[in-house]
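Working notes for the structure below.
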């Protein structure tokens, strides 16, 4: 059995080079997180990894400001557990204030995806278990039926990811390759026949948990992320989280644990709710050394021997561009990646034949900043305020 470190490597860019380009081209995938995931700077017990600790039994509390990498970590944790499931069902559940009743749909999608990709097919002929699965899948029936139809009708895929290329249509990344066998097709035929076009939209989560246990999942992890929650006021977040919080202890006893990825403002309210249970807590704070590692890894993940952009810049950027980028990121890995990608875009738009980045590229990147405000500081402000 692989160690934690070996498993973590397997879901990183280094472990996925052979399918990296195909992953990045799949429509609907999140930003290609496999390709430049760098574990955040969190002190860990000797010999342990962050993903290994997060997959242990008990709630987890990960706090971080916007852009600190909470969603990146949540996506990689999902990929890690789906790659090495150990009888664990992992459910991604981004909070949405405009549609609070999404847990049953997220449970349905992940239960279907992980039964199929892991080949948990021995219960297809068990009438009771099949009936329980049909009930649990109903909140996502229309989307699941559409994907089943495509799998049944389309020719055998030649891509190394196989039929996993269908998962983005359900809002899930292609994590592990799989190809349909006769047993897969038997299950899909049964689901196509028995799953209603318009299923029951709201079912109790316990119904899904029970179905998951029936199909061999001994544990369920719900990954709760604020990525899609627009109103990040403390009260709005508490109101949305309260129905989940009330079940923490009860669900933990049933083998169901919640892993939260939330803003730090909620820490004083959240911690008391998990005390009395084994839980993991960490706050994401990136220092300049960690961001520099992220910059280096960004190039390595795409197969480049390059370690940064310093030597591709004219004065006053020459030899300093990487450090300027890190300073301007202000502790945010998301912002660092956005700046790199935007800087490259405006440079190519200016003159794709020019071999160096120029000061005007930086100013164009600032003036055409398409992401969350504010735009990066001017070069003058960065150099004056942060001696390089």
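Annotations for the structure displayed:
- From the list 160, 173, the one residue that fits, being outside any helix (DSSP H, G or I) and over 30 Å from residue 258 (Cα atoms), is 160.
- Residue 359 being over 28 Å from residue 39 (Cβ atoms) and surrounded by 14 or more Cβ atoms within 10 Å (Cβ to Cβ): yes
- Failed criterion for residue 103 (all others in (1) exposed (fewer than 15 other Cβ atoms within 10 Å of the Cβ); (2) modelled with pLDDT under 95; (3) farther than 29 Å from residue 326 by Cα hold): (1)
- Selection count, region 223-244, where residues are surrounded by fewer than 17 Cβ atoms within 10 Å (Cβ to Cβ) and in contact with a strand residue (DSSP E or B) (Cβ under 9 Å, 6 or more places away or on another chain): 2
- Residues satisfying the stated conditions in region 197-254, i.e. in a strand (DSSP E or B) and in contact with a helix residue (DSSP H, G or I) (Cβ under 8 Å, 6 or more places away or on another chain): 220, 221, 222, 223, 224, 225
For every residue, the table says whether it meets (1) at pLDDT 95 or above; (2) surrounded by 13 or more Cβ atoms within 10 Å (Cβ to Cβ); (3) out of contact with any strand residue (DSSP E or B) (no Cβ under 8 Å at 6 or more places or on another chain).
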| position | (1), (2), (3) |
| --- | --- |
| 129 | no, yes, yes |
| 185 | no, yes, yes |
| 196 | no, no, yes |
| 202 | no, no, yes |
| 220 | yes, yes, no |
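- Scope region 362-388; condition in contact (Cβ under 8 Å) with a residue 24 or more places away in the chain, within 16 Å of residue 327 (Cα to Cα) and surrounded by 15 or more Cβ atoms within 10 Å (Cβ to Cβ); matching residues: 362, 365, 376, 377, 379, 382, 383
- Lone unmet requirement of (1) over 30 Å from residue 341 (Cα atoms); (2) surrounded by 14 or more Cβ atoms within 10 Å (Cβ to Cβ) for residue 286: (1)
- Taken as a whole, the structure places residue 168 among residues that are surrounded by fewer than 20 Cβ atoms within 10 Å (Cβ to Cβ), part of a helix (DSSP H, G or I) and in the same structural domain as residue 148 (by TED's automatic domain parsing).
The values are calculated or read from the model by the stated rules, or taken from the named source; none is laboratory data. Note that the structure is predicted; figures quoted are calculated from it, not measured. Positions of Cβ are generated from backbone atoms using ideal geometry, with glycine treated the same way; all protein chains shown enter the neighbour counts.
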